[in-house]
Structures are given as structure tokens and as C-alpha cells.
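Heads up, the thing below is written out as C-alpha cells.
The values are calculated or read from the model by the stated rules, or taken from the named source; none is laboratory data. The shown structure was predicted, so the numbers you read here are calculated from the model rather than taken from an experiment. Quick reminder, even Gly has a Cβ in these numbers, built from the backbone with ideal geometry, and neighbours come from all protein chains shown. Heads up: the accessible areas ignore ligands, DNA and RNA and are worked out on the full protein's heavy atoms, side chains in. Shrake-Rupley method; radii C 1.70, N 1.55, O 1.52, S 1.80 Å.
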Amino acid sequence: MAKSKATSRSMDPATQEVLRALEKDGQAVDLSWDRCDAQQPQCGFGQLGLCCRHCAMGPCRIDPFGNGPKVGICGANADVIAARVLVRMIAAGAAAHSDHGRDVAHTLLEAAKGDSDYKVTDVEKVTKLAEEFGIATEGASPQDLARQVAERCFSEYGQQSGELLFAQRAPEDQKKRWRLMNAMPRGIDREIVEIMHRTHIGVDNEYKNIIGQGVRAALGDGWGGSMCATELSDVLFGRPKPIRARVNFGAMDPESVNVIVHGHEPTLSEMLVAAAQDPAIIKAAQSKGAKGVVLSGICCTANEVLMRHGMPIAGNFLQQELAVATGAVEAIVVDVQCIMPSLPEVAKHYHTKIVSTSPKAKFEGAMHIQFDEHRAMEIAKDILTAAIDNFPNRNREIVHIPDIKNELVAGFSTENVYEFLGGRYRPSYRPLNDAVISGRFRGACAIVGCNNPKMRHDEGHVELTKELLANDVIVVTTGCTAIADAKYGLLDPKESLQHCGHGIREVCRAVGIPPVLHQGSCVDISRILVVLSNMVKEGGLGESIADLPAAGAAPEWMSEKAVSIGFYVAASGAYTVLGVPFPVQGAKNLTEYLTNGMEKDYGGKFAFEPDPVKASRLILDHIDKKRQALGLPAPMYPVPYLGIWPESQKSEDQTKAELEAQAKADPMMAV
Ligand code: SF4
Ligand code: MSK
């Protein structure tokens, strides 16, 4: 039987329910899935990376199959054209993350001067950062340290030569590779600007050299701008701690004023959390007939506030329009990145106000209340008051909030992963490394990234995660993957165990953590880089990230930020499997370099595989290869996919029988 539209578009039951309700009502709300259908067939030249409009002699396109042109008017071939397109995507992605980091540095500077509604919250962290930067800490006040740390971070953006401070955290072996490849980032902004220069007509015309600059800018993002965003957000708002919360549309309340925060920056949403608890605000909501104000979130602003306050998550990227379509949202407050321009159009069918807050991101048809950190609390209250005033406009007859929500535990930072897996009295990465060395953990995988309407919503994330867990690979996650996994109970320490192999269950039950560790928003992938570097430094697992039995994946990516992330992860040494290919496949040499040759230069490379089960096999084969190279044993317990290990001589039936015997001995262990 053919799948209904709702079922084929998403595997999330709450998303399906809203899609079905829309279909039933015959409501003419145009959604991203409809617009994706309307775009079909999408331009093949664009998909293959074979079109260029970098100058006014063009646009030019390369014919990959027939007798058409093989070079553009200037003579650029397919490899050069596709490489230029790709690294410009890196430039945009790195700029977005790094500008976010710059804004956090600015907020910290204002807080240090006592000039805003923010304060320096994590004194221990700012002291450690100051020490790392070589700033004298003795006798200095937290404000003074914060000021100096923020200024040092600012100078990393404009630095013209030398090496980034945070890049020094990488393993020595990796840094050597970067220096050898001339890929060590000098300054965060400088590398982005140099991409734009080199990709101008008639400048860099050798595809590997172009990719080299892409790598350098991406490393400036992961080990620079994104790391500034993460570290300074911790100083301002506190380091995340493991915290329980709820996820999915059911986290909203039909009787309350529902306000959703959406985008990427934590600054205003932190204030909204505080303002929503103000008795005057609660009273104002009650005066309009509501129980109170329920704040929830979408995308990475949500992840930031979840990690520090346990604020519920309404959904991930593809759920933003559907949140409006529940009819129960008084306001969606947006800052920057991943906000669909369609939101005000969708909101026309409902009473929802779309409130833009950043001077960098305005939307036709939205209400604009500009954020200013000097009046942050006042602005947060103004926004909530606008939402409360909108509550009587809600049409109760069309309200449809699916009663679907899940429990999750989030809030794993570089620091507390160290404490959790090492134990409070012996904090170190030793037990984590030992679990990998013994084969209790076969390896680790970072699964991150967006949703993409070209793929079934959430399926790539969830199926890949489940496959890896069943094969004793521990998963770390951020962004929309974290939200997807949470919706299926994979971030719930108990519910998730049913999906895990014996080794992961043993460890996770002993320390009480879920097998999927939520490390935050997209910029917080920088936390994952530091965890991997610390594992190398702990010893026993090789000399670089490239030696670790570890990998990265982005099953449903769509944003240019994901291209930058993919490059800094691969160039940091990790095998990186993408569910959506880069637009390079019309460029033969470039594709070969990214999926093969790049490994020799940087230690990591890419693979493109949309099928999550096949992607898991690529990752497991890679992990096993790394285990073998390190002389590590096969996985400690039987696993569904045996890969290259001698046990693969066992028949699948034998393995299944062993797994069933384990499950019988301990029902909690049932797969
Ligand atoms: Fe065509 Fe070259 Fe101009 Fe690109 S840069 S549009 S390939 S002439
Ligand atoms: S929010 S970049 S859709 S992960 Fe960070 Fe989700 Fe991708 Fe935005």
C-alpha cells in the first residue's frame, strides 16, 4: 500500500498528525515539502556542481555527459567550478557560526563592563580560559578576566598571521598535518575573506589549492569562531549540566500562552526564560484567561536554553511551519539562522505573531522588536506582553496540539563528560578510553545536522543512531539530530537501552547516562572536537583524531554551516558520512579527492550515503579498521554487524541466538 503523504514526509508521529490535520481541513498552507515538490526536477547542473556565475561573462555550465562545453568561458573546468562553489558554501557557513561567536564575545564584553543586563556566571571557566590564553589571573576580578578573555577572542577574528589560540587544543599530530598542508588558520575572518578572493574569476584555478583554503576557513570556524561561541556562552550563562526535559509538540500547553524561540543565539532567549517566570508576566497571562506562559524552542536557540534550563523543545528544523499550524502558538521569536522566510506567510492563516529581533535578520510580514543587550530584560518582557495580548485572538476551534512528547536528558559538556565517564572522584578520560580499548565500546560517532525535505524527516538521524547503538558505538550529538533522537527516546537513559548493544548498556546503566550524549547546538560541535582531542591526549588510542575508532555523520544536512562543519570534522581527522552529497559529483577529480585522497593529507575524508543502514556499515567498517590498526580486540560482546572481525565467520543465526540468550538472562538487555 502506498504511504500517505504525511507518513512519507516524516517518521515523527507528531509531525504526521499535524500534516494529516492540515490535509483533512483542506487548509491551503504551503509547506517546505510542497515547495520541494514544486521544485522538481531540480537543476542537474546545480546538483552536480557544474554551474558558475562568478562573473558577467557567465553564467556558464559544464556538460558532464554529452558533447557540450567542458570548460566555462574563462576556461575554468568542472573541478575548479565545483571546488569554488563548495568553498563559497564553507565561507558562508563559517561566517554564520563565527559571527554568532563574535556576538557572544560582544555580549560578554558588555557584561564585564557592567553595561548590560548580563553577568559573568561561570567564574571557574573564565579563569581557566584566561590561564589558557596566558592572562595573569592572580588578584584579577572575574569581570576583568572576562573582559580580557573577550578581547582576546575578538583579536582572533582580525588576526593576520600566526595560529589561532583554540587550535592549539588539537593533538600535536593533527597540528603538524595542518601546518604541512598550510591549513592552520591564521585569523577567523581572514580565512573567510581569502576564500572570497581566491574564488573570484581568474585567481585560484587549481581545485586542491581551492579546497585547501576551504579547509583552513572551516578549521577557523570549528577551532575558532564556533569554539568562541561555545566557551563564551558557558562563561555568560553557565556550563550545561545534565538536565531532564520534554520534546515534541506535546510539550506545548493548550491552556497557556505558547511562545517559541527559534534560531541560534542564546542571548535573548536566556532573558525570555527569566521573564516568563516574572509574577507580573504570569499575572498578565492569567488576566487574558491563560494558565501562564509556556516557553519552548525550535532548532539551536532551543538547544542552548534546553542545555542550561531544561526548557522544552517543540521540534526541529522541518517542524517550524507546523508549530504555527498547531494554531496554539501566540508568538515565534526568531534571531538568526535556519528560520524559514515562509513563516510570516504560514502565520497569515493563524493568529501567530512572528517576532524578529536581530538587525541582521528581518522578515517581510514579521513584527520587529530589536534586541539590545542593554535593555534585554525590558525587551524580553515587551515580547512576552505582545504574545500575551495575542492570546485572545487564538481560534480555539482549529487548535490541534498532538499529545505526543518524550523525556530526554541533555546537557553534556566537555567537562562533565569527563566527570561522568571518569567518576566524580577520579575525573579523567581514562575509563572512556578503557571502554573503547576493551571493546565494550566498539567506537564513537558524532551524528549532527539538519533536516532536509528531500529526505524523510528524522529517519536518517534515528535509523543511523539506532544501528550504531545496536553495534556498541556510543553516539554524541548536537543540533537537529539531537532533537530527532530525543523524540524517539534515544536521549532517555532508560528507554534508549533497548536499542543498545550489551557493552553500551553495561556502561550507561552503571553511570546513569543515555547512550546518545546531547552536547548542545551546532556551534557546540566544538565540544566534540575537544572531547576527541582529550581522548587522544589520555593515551592508548593513537596519536591523532585520525587514529581513533571514531567517525562523524550528517544524515539530513541542508545548511552551508553543515559544509563548514563537515570540512572541519574531516580535516580534524574523522571519517565523515553525509546523507546528502556535496554538489561536486560532476567534478570527477574533486569527488575522488574528497572521498579518498583527502585522507592522506588530513587524516579524514568524506563518503556520501543516503541510506542510514548502509551509512552505518561504512562507519562500522571504518571503526573496525581503526581498531585493527591500533591492535585493539574485536567488540567485547556479540553485535548484529560483525564486519571484519573473525567472529564474522559465525552465521547470523548464531549471533542472533547469542543476543537472545543475553536478553533472556537479563530482560533489561533485550534488543
Ligand atoms: Fe563562466 Fe568563468 Fe565567469 Fe564562472 S568565472 S561565470 S566559468 S566565465
Ligand atoms: S539548527 S544548521 S537546521 S542542525 Fe542548528 Fe538544525 Fe541545521 Fe539549523
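Stokes-Einstein diffusion of the range 194-325 at 4 °C, 1.567 mPa s viscosity, Kirkwood radius from Cα pairs, rounded to a whole number: 74 µm²/s. At a probe radius of 1.4 angstrom, the accessible area of the range 272-395 per residue rounds to 34 square angstrom. So what does the Cα-only Debye profile of the chain read at q = 0.05, 0.06, 0.11 Å⁻¹, as log10 I(q)/I(0), no solvent term? Per q value, in the given order, log10 I(q)/I(0) is -0.22, -0.32, -1.15. As a rough guide to protection, the peptides 276-284, 103-111 ranked by mean Cβ packing within 10 Å, highest first, stand as 103-111, 276-284.
Taking the Cβ of TYR207 as the centre, find all other residues whose Cβ is under 12 Å away and add up their charges (Lys, Arg: +1; Asp, Glu: -1). Computed value for this residue: 0. When peptides 628-636, 556-564, 313-321 are sorted by average Cβ neighbour count within 10 Å, with the highest value leading, the order is 313-321, 556-564, 628-636. Rolling a 1.4 Å probe over the heavy atoms of the protein chains gives the range 427-662 an accessible area of 30 Å² per residue.
The local environment of VAL336, defined by Cβ-Cβ distances under 14 Å, has a net charge of -2 under the rule Lys, Arg +1 and Asp, Glu -1. If you sort ASP382, ASP234 by accessible surface, 1.4 Å probe, largest first, the order is ASP382, ASP234. Determine the sum of side-chain charges near CYS300: Lys and Arg each +1, Asp and Glu each -1, restricted to other residues whose C-beta is under 11 angstrom from that of CYS300. Surrounding charge for CYS300 is -3. Separation of the range 129-172 and the range 218-281, taken as the distance between their Cα centroids, equals 25 angstrom.
Note on THR591: accessible area approximately 30 square angstrom, rounded to 10, probe 1.4 Å, nucleic acids and ligands left out. Packing order of peptides 385-392, 440-447, highest average first: 440-447, 385-392 (average count of other Cβ atoms within 10 Å over each peptide's residues).
Of the two radii for the range 427-662, the radius of gyration is 0.94 times the Kirkwood radius, both from the alpha carbons; that is the Rg over Rh value.
Expressed as a whole percent, the accessible area of the chain that falls on carbon and sulfur atoms is 53 (1.4 Å probe). Secondary structure note: in the chain, about 20% of the DSSP beta bridges are antiparallel.
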